[in-house]
Amino acid sequence: MTARFTGSQELTPDVRHFSFEVPETESFPFTPGQWVSLSREINGKKITRAYSIASTPAGNRFDLCLNRVQDGLFSPFLFDLTEGSAVELKGPYGTFVIRHPDRDMVMVATGTGIAPFRSMVEHHLASGGAAKVTLVFGVRYPENILYRADFERWQARHPNFTFLPTLSRAPEDWTGRRGHVQHHLDDALASRTDVDVYICGLKAMVDDVRERLKAKGFDRKQIIYEKYD
């Protein structure tokens, strides 16, 4: 299939929210949390990259949250797309989805690893899901809290959703949580071991959180994760 670029919004100087449509169809169904594969021939070589969908199903449209990788092969091309440009599309793929919608959840993300959680949280709340969701999101600075307005709005409207942003390089006037996401895992769990934990981000963080959960007695089936490197 083909993904046609319809526009983007700058989230930070190096991160954008991209919107696409699939002109061959009126419906592009996917399960929140899944990813798509985009391909394009660049300098005579076909380059393919996988990106998590950052939106909920809506007709033939989907959104992505992309970080511009310095000296990268594919992300600079995407950042230079003009409206109407086409990219080869495959998918959706992946099993990083909510496994048990009726079971309380803790979600842990860093950086653009927030993308699948934006899709999962919005869909869960919009569909009337009653299970509690606690999202711990780690970045360096306040301006790096991607989709902050969305998560804060959902938290204000849904008592079963809690948003816990934490900054590793917080300014002096920051009154929220400080440090890495691992430091706030206990707060998010609230001494419970009967919840499912979803983790998405770079390998070091994902592996660290997994080990901490195993040490607390979590079964491997309760730990659902996706690594971005």
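The values are calculated or read from the model by the stated rules, or taken from the named source; none is laboratory data. As the structure is a computational prediction, the values presented were derived from the model and not from experiment. Here the Cβ is made from the backbone with ideal geometry for all residues, glycine too, and neighbour counts use every protein chain on show. Please note that ligands, DNA and RNA were not included when accessible areas were found on the heavy atoms of the full protein model with its side chains. Shrake-Rupley method; radii C 1.70, N 1.55, O 1.52, S 1.80 Å.
Things worth noting here:
- Whichever residue in segment 141-162 is of a type in the set (A, V, I, L, M) and open to solvent by less than 50 Å² (accessible area, probe 1.4 Å) and, among such residues, is farthest from residue 16 (Cα to Cα): 145
- Scanning segment 184-207 for residues that are free of Cβ contacts under 8 Å to residues at least 40 places away in the same chain and crowded, with 18+ Cβ neighbours inside 10 Å turns up just one, 206.
- Failed item, numbered, when residue 73 is tested on (1) under 30 Å from residue 193 (Cβ atoms); (2) part of a loop (DSSP other than H, G, I, E, B): (1)
- Among the residues of segment 163-183, those that are open to solvent by 20 Å² or more (accessible area, probe 1.4 Å) and either in a helix (DSSP H, G or I) or of a type in the set (A, V, I, L, M) (or both) comprise 170, 182, 183.
- Selection of segment 25-39 for residues being more than 19 Å from the chain's Cα centre (by Cα) and either part of a strand (DSSP E or B) or modelled with pLDDT under 95 (or both) yields only 39.
- Filtered residue count, segment 49-90, keeping only those that are in contact with a Gly (Cβ under 9 Å, 6 or more places away or on another chain) and either open to solvent by less than 60 Å² (accessible area, probe 1.4 Å) or acidic (Asp, Glu) (or both): 3
- Filtered residues of segment 153-204 (kept if β-branched (Val, Ile, Thr) and more than 18 Å from residue 129 (Cα to Cα)): 166, 175, 181, 193, 199
- Taking segment 113-140 as the range and being hydroxyl-bearing (Ser, Thr, Tyr) and either surrounded by 24 or more Cβ atoms within 10 Å (Cβ to Cβ) or more than 20 Å from residue 153 (Cα to Cα) (or both) as the test, only 119 passes.
- Qualifying residues in segment 109-138 (those that are among the small types (Gly, Ala, Ser) and not in a helix (DSSP H, G or I)) - the one farthest from residue 160 (Cα to Cα): 138
- Per the listing 143, 83, the residue uniquely part of a helix (DSSP H, G or I) and touching a residue at least 40 places away in the same chain (Cβ under 8 Å) is 143.
- Selection count, segment 40-61, where residues are in a loop (DSSP other than H, G, I, E, B) and at pLDDT below 95: 2
- Taken over segment 163-175, the criterion of being touching a residue at least 12 places away in the same chain (Cβ under 8 Å) and not basic (Lys, Arg) is satisfied by 163, 164, 165, 166, 167, 168, 170, 171, 174.
- Just so you know, in segment 25-44 the residues that are touching a residue at least 24 places away in the same chain (Cβ under 8 Å) and surrounded by fewer than 14 Cβ atoms within 10 Å (Cβ to Cβ) include one that is nearest to residue 81 (Cα to Cα), and it is 42.
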